[in-house]
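Visitor: First the structure, then my questions, so here it is.
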Amino acid sequence: MRRLGFDGGLGSGRVTTLNACKPRLSIIVLNYNGARWLDRCVDSLRGQTILGRFELLLADNRSTDGSDLQARRLMDDFPGGCFIDNGGNLGFCEGNNRPAATAVGEWLLFLNNDTWLEPDCLAKLLQGAEASGAEAAMPLVMDYADDTFQSLGIRGLDPFGWGSHFSSLPSAEGPVEILAPNGCALLIRAEVFRALGGFDPVFFMYADELDLGLRLWVSGGRAVGLPGARLHHRGAANVNPAGGGTLQEIRTSISTRFYSNRNSLLALLKSGGPGLSCLAALQVGLILAEGMVAGALSRSWTVFRRGYLAALADAWRLRDHWRAERRRIGSTRRRGEFEILRRFLTLRPQRWDELQRIRRMGMPKISPR
């Protein structure tokens, strides 16, 4: 593997607790109130063709639906399985960083609990990632209940700096270059993840994979999507539970809008120079415009104030953090931001795809939490 432009690490005190031989892969499943999904997720891992050659770290963010006990039970007889109690709701970022610090595999796979894998998914994912020479990868993600295409990662940045996705499955059969893997199934070399500093705990949740992908590319790394490895994902399982395995409506929450808006902006500000900063300025304008529309349609000043204005205010409050991160990331830079924009800037606004979903499924329902 080529040397990337960074030093340092995350979780320097690794603990080997499971296998006598170091596994190639450590799978980290973060659970929070996932009672409906855990059994199928773990069963699909038990059915993998490379069972016995990976460790499974199932971490719980202090669930309140009994799924913490469910997770403990599932790990009792899982080969190379281990249950980790995170001690509280640490969010996606720190909730995954904790078990990653003790993982012993050469690769880390961060896997959502509302996923299930086809039997050869892990074998093809590892084989494809190593053959491509990339530092990060993800499988083809399909809907939970069928083979409808859902995602092959973040393909780039739209004109407002939002992460843009493929609208359909790319025609290429081999690896597809992407800006970042999705957080629902994110494979990355362990040494690279630690050298990058892991997920930023300040983010808590949402846009964390975009932030990690930008940092990876700035440091000289690559990410690919691998259509041959196949995984199924429900998505929005906690915020939008209606319909079971089939998404039946669009539901969001004020906290979802807050973290999504704030963190997408933070990701640009952390990794960017003048180019990404211009996109960040455009994004601020779009957030304000979208917030006013959302507030008007929901007839709620609270939606605009807490989901949009507060996101911008908090991004400014965190200016010492993202400025310090920009200096740190800049010291590892091996690619100029204009090279990233040349390769990954797309003309199709990401919000256009969301408008198409609204046209099909109706206006989003917004939870006050």
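Visitor: Filter the DSSP H helices in the chain by two things, a Kyte-Doolittle mean of at least 1.0 and an axial alpha-carbon span of 27 angstrom or more, and list the hits by number. Let's see the in-between values first.
Guide: Values: long enough: 274-298 (35 Å, 1.49).
Helices meeting the criterion: 274-298.
Visitor: For residue 331 and residue 343 in one chain, what is 0.36 nm times their gap in residues minus the Cα-Cα distance, to one decimal in nm? Write down the numbers at each step before the final one.
Guide: Details: separation 12, 0.36 × 12 = 4.32 nm, distance 2.19 nm.
Using 0.36 nm per residue and subtracting the Cα-Cα distance, I get 2.1 nm.
Visitor: To the nearest 20 Debye, how big is the dipole of the chain about its Cα centre, given +1 on the beta carbon of each Lys and Arg and -1 on that of each Asp and Glu? Present the calculation step by step, with values, prior to reporting the outcome.
Guide: On the way: 46 positive and 37 negative charges, 231 e Å.
Dipole about the Cα centre, nearest 20: 1120 debye.
Visitor: By a straight-distance test (C-alpha under 23 Å), which lysines pair with residue 365 as possible cross-link partners, with residues fewer than eight away in the same chain excluded?
Guide: none
Visitor: In addition: Which residues among segment 309-331 fall inside the zone where the amide N is under 15 Å from a point 7 Å beyond the Cα of residue 278, along Cα→Cβ?
Guide: Counting only backbone N, you get no residues.
Visitor: Mind checking Rg over Rh on segment 25-233, alpha carbons, Kirkwood formula for Rh? Intermediate results must be reported in sequence, preceding the final value.
Guide: Numbers: Rg = 15.8 Å, Rh = 16.9 Å.
Value, to two decimals: 0.94.
Visitor: Antiparallel versus total DSSP beta bridges in the chain: what percent is that, nearest 5? Kindly include the intermediate steps, with their values, before the conclusion.
Guide: Numbers: 19 of 49 bridges.
Among the beta bridges of the chain, antiparallel pairing accounts for roughly 40 percent.
Visitor: Turning to a different aspect of this structure: Taking Rh as the Kirkwood radius computed over C-alpha pairs, what is the Stokes-Einstein D of the chain at 4 °C in a medium of viscosity 1.567 mPa s, expressed in µm² per second?
Guide: Details: Rh = 20.8 Å.
The diffusion coefficient I find is 62 µm²/s.
Visitor: Percentage of Cα-Cα pair distances in segment 55-162 greater than 15 Å, rounded to whole percent? List each step's numbers first, then the result.
Guide: Working: 4210 of 5778 pairs.
Counting every Cα pair in segment 55-162, those more than 15 Å apart make up 73 percent.
Visitor: Taking Cα pairs under 8 Å and at least six residues apart, what relative contact order does segment 251-367 come out at, in percent? Don't skip to the end; give the middle numbers.
Guide: Numbers: 87 pairs, mean separation 49.9, N = 117.
About 43 percent, as a whole number.
Visitor: Report the semi-axes of the equivalent ellipsoid for segment 277-369 in whole Å, largest first, where each axis is √(5λ) for an eigenvalue λ of the Cα gyration tensor. Intermediate values should be presented prior to the final figure.
Guide: Working: eigenvalues 184, 80, 20 Å².
For segment 277-369, the semi-axes come out at 30, 20, 10 Å.
Visitor: Could you compute Rg(Cα) / (2.2 N^0.38 Å) for segment 251-318, with N its residue count? Each step should come with its number before you reach the end.
Guide: Details: Rg = 12.0 Å, N = 68, 2.2 N^0.38 = 10.9 Å.
Computed over Cα atoms of segment 251-318, the ratio equals 1.10.
Visitor: Would you grab the residues whose amide H sits under 5 Å from the one on residue 334? Only those 5+ places off in sequence or on another chain, please, with H modelled 1.01 Å from N.
Guide: Under 5 Å from the amide H of residue 334: 219, 220.
Visitor: Using modelled amide H (1.01 Å from N, peptide plane; none on Pro or chain starts), what sits under 5 Å from the amide H of residue 345, excluding residues fewer than 5 places away?
Guide: Here 157 satisfy the definition.
Visitor: With no solvent and one equal point scatterer per Cα, compute the Debye intensity ratio I(q)/I(0) for segment 143-192 at 0.15 Å⁻¹ and report its log10, rounded to two decimals.
Guide: Ignoring solvent entirely, the Cα scatterers give -0.49.
Visitor: Given the -39500 (n - 2.57) contribution per DSSP H run of 4+ residues, what per-residue ellipticity at 222 nm results for the chain, rounded to the nearest 500 deg cm²/dmol?
Guide: Values: 13 runs with 149 residues, N = 369.
For the chain, the value works out to -12500 deg cm²/dmol.
Visitor: For segment 167-200, list residues with backbone N below 15 Å from a point placed 7 Å from the Cα of residue 120 toward its Cβ?
Guide: 174
Each value in this text was obtained by applying a stated rule to the coordinates, not by laboratory testing. Note that this is a predicted model, so its numbers are computed, not measured. A quick note on method: Cβ atoms are made from the backbone with ideal geometry, for glycine too, and the neighbour counts reach across all protein chains shown.
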